[in-house]
Amino acid sequence: MLVMKVSEVGKARAVAEACRIIKEGGIVAFPTETFYGLGVKYDNISALKKLYEIKKRPKEKAMPLIIDDMKMLSMVASSVSDIAHKLMQKFWPGPLTLLLNAKEDLSEFIVGEAGKVAVRMPGESFALDFAKALEFPITATSANISGVPPADTPGNVVMHFGDNLDLLIDGERTPGGMPSTIVDASGDEIRIMRSGVIPSEEILKFVSFHPKTEVEKR
């Protein structure tokens, strides 16, 4: 596994190498605004399969994706609801993951059992710069074995995966804390599926200004 320290090689070179590895079908570990994430190209089936295997991730748990431009949504989502657009405009870039109706031709590795895909535009971080340098979505699943706390240091990433990765972007310790907030915005109603960095109350307060939107909290 190749390790690149951003402090030594610079962000531009690290981003360029990460893009090369992704395009060649490799797996890249990189820092986000919360924890380290694991990235592969959204439609590379062999890379997605390997990622599932090394994480020991249950099949029913689809891999979340990151993008840098809402135009990329057409690659993975069959539709984007009005409330989803409003949430994107308010909270993206940032730690808000949205569940949207998935396109029919997407891999089962990134589509949940309910036919939805999880997408976010990361906040200010290496992850956002990485996403900006690509023309397609990539996964950003947490860098950990399923059921184990996510990695916030390069050392923890290595401890979990060793040489199973192709590239580790060493951005030192990430902020850690809480993960992204997950909201199902696939229809006119929303559900807060997981509370995270953005408090549930803030999401609920925002949607309350849209009287046609019913909110189900669970």
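Report the Rg/Rh value for segment 13-82, based on alpha-carbon coordinates and the Kirkwood definition of Rh.
Values: Rg = 13.3 Å, Rh = 13.6 Å.
Using only Cα positions, Rg/Rh for segment 13-82 is 0.98.
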Net charge near Asn144, counting Lys/Arg +1 and Asp/Glu -1 over other residues with Cβ under 11 Å of its Cβ?
-> +2
Where N is the number of residues in segment 50-169, Cα Rg divided by 2.2 N^0.38 Å = 1.08
Divide by every residue of the chain the summed helix terms, -39500 (n - 2.57) for each DSSP H run of at least 4, and state the resulting mean residue ellipticity at 222 nm, rounded to the nearest 500 deg cm²/dmol.
-> -8000 deg cm²/dmol
Among residues other than Pro31 whose Cβ falls under 10 Å from its Cβ, what is the net charge (Lys/Arg +1, Asp/Glu -1)?
-> -3
At 7 Å along the Cα-to-beta-carbon direction for both Glu201 and Leu2, put a label point, then send me their distance in nm to one decimal.
-> 4.7
With contacts defined as alpha carbon pairs under 8 Å and 6 or more residues apart, what's the relative contact order of the chain in percent?
-> 30
Amide H within-cut-off set for Thr141, under 5 Å, with H built and near neighbours excluded = Leu38
Please list, in chain and number order, the residues 5+ apart from Val3 or on another chain whose amide H is under 5 Å from its amide H, with Hs placed from the backbone.
-> Leu168
A correct fewest-to-most ranking of His85, His160 by other Cβ atoms within 10 Å would be His85, His160
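For segment 83-146, report the % of Cα-Cα distances exceeding 17 Å. List each step's numbers first, then the result.
Details: 990 of 2016 pairs.
Pairs farther apart than 17 Å: 49 percent.
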Based on the alpha-carbon gyration tensor of segment 119-218 and its eigenvalue square roots a ≥ b ≥ c, which shape applies: rounded if a/c is under 1.5, prolate if not and a/b is larger than b/c, or oblate?
-> prolate
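Using R₀ = 41 Å, calculate the FRET efficiency as 1/(1 + (r/R₀)^6) where r is the Cβ-Cβ separation of Asp188 and Asp163; round to 0.05. Numbers along the way, then the final one.
On the way: r = 47 Å, r/R0 = 1.15.
Using R0 = 41 Å, I get an efficiency of 0.30.
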In nm, spacing of pseudo-spin labels at Met70 and Asp82 (7 Å Cα→C-beta vector) | 1.5
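For Glu33, Glu172, Glu108, what ranking results if the residue with the fewest other Cβ atoms within 10 Å of its Cβ goes first?
Details: Glu33 19, Glu172 11, Glu108 14.
The order, fewest Cβ neighbours first, is Glu172, Glu108, Glu33.
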Sorting Tyr42, Tyr36, Tyr52 on the 10 Å Cβ count, fewest up front, what's the list?
-> Tyr52, Tyr42, Tyr36
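Read-outs: derived from the displayed coordinates by stated rules, not from any lab. Remember, predicted model here, so these are calculated numbers, not experimental data. Every residue, glycine among them, receives a Cβ derived from its backbone with ideal geometry; neighbour counts consider all protein chains shown.
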